Amino acid sequence: MKKAIISIAVIVLIVGAAFAKRPKTAVFVGDTVYVLNIIGTTTNCIRIPGAEISVITSQGDTLRTVSDEMASFVIPKMPEGPATIKIEAEGYKTLIQLLDIRANRAGRYFKRFDMEKAEAAANGETDKAEQE
């Protein structure tokens, strides 16, 4: 009987230690868009698929992904805490933001990233290759 109690106590301690060392993570979900206008409570956006997303975590790891055809991206195991995100998309200014990743009750962190047009595109200029 004593052996069984000691064995259970050891198992509880090992499992507890394993869970205590595991860093908290969130499912980081985002959208890359260009805001056309805001009318009242309605925001009209253009989705930006193919944007390259790089995230540098507080541990110094770099996580990379690309936004899909609906301009969404997912990083499934994003460590909670401070992070720097960099988003690059052709025709848009590079976006760099500091974030504090904290999961909601469902374990998710969501953010919409509003991109700005690059200077040439904003001034109505086009690439010479597009003109030919």
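Around Thr94, what is the net charge, scoring Lys/Arg as +1 and Asp/Glu as -1 over all other residues with Cβ under 14 Å from its Cβ? Please report the intermediate quantities before stating the final value.
Numbers: positive: Lys86, Lys93, Lys117; negative: Glu52, Glu88, Glu90, Asp114, Glu116, Glu119.
Every neighbour counted, the sum reads -3.
By the count of other C-beta atoms within 10 Å, a proxy for reagent exposure, Val27, Val66 are ordered fewest to most as Val66, Val27. If you wrap the tightest convex hull around every Cα atom of the stretch 20-119 and split its volume per residue, you get 110 Å³. Sorting Phe110, Phe28, Phe73 from the fewest to the most surrounding beta carbons within 10 angstrom yields Phe110, Phe73, Phe28.
By other beta-carbon atoms within 10 Å, ranking Thr42, Thr57, Thr32 with the fewest at the front produces Thr42, Thr57, Thr32.
Within 14 Å, Cβ to Cβ, of Arg105, how many net charges do the neighbouring residues add up to if Lys/Arg are +1 and Asp/Glu are -1?
On the way: positive: Lys24, Arg102, Arg108; negative: Glu80.
Value of the local net charge: +2.
Computed from the coordinates by the stated procedures, all read-outs in this text should not be read as laboratory data. A quick note: this is a predicted structure, and the numbers were derived from the prediction, not measured. Note that each Cβ is placed from the backbone with ideal geometry, even for glycine, and that neighbours are counted across all protein chains shown.
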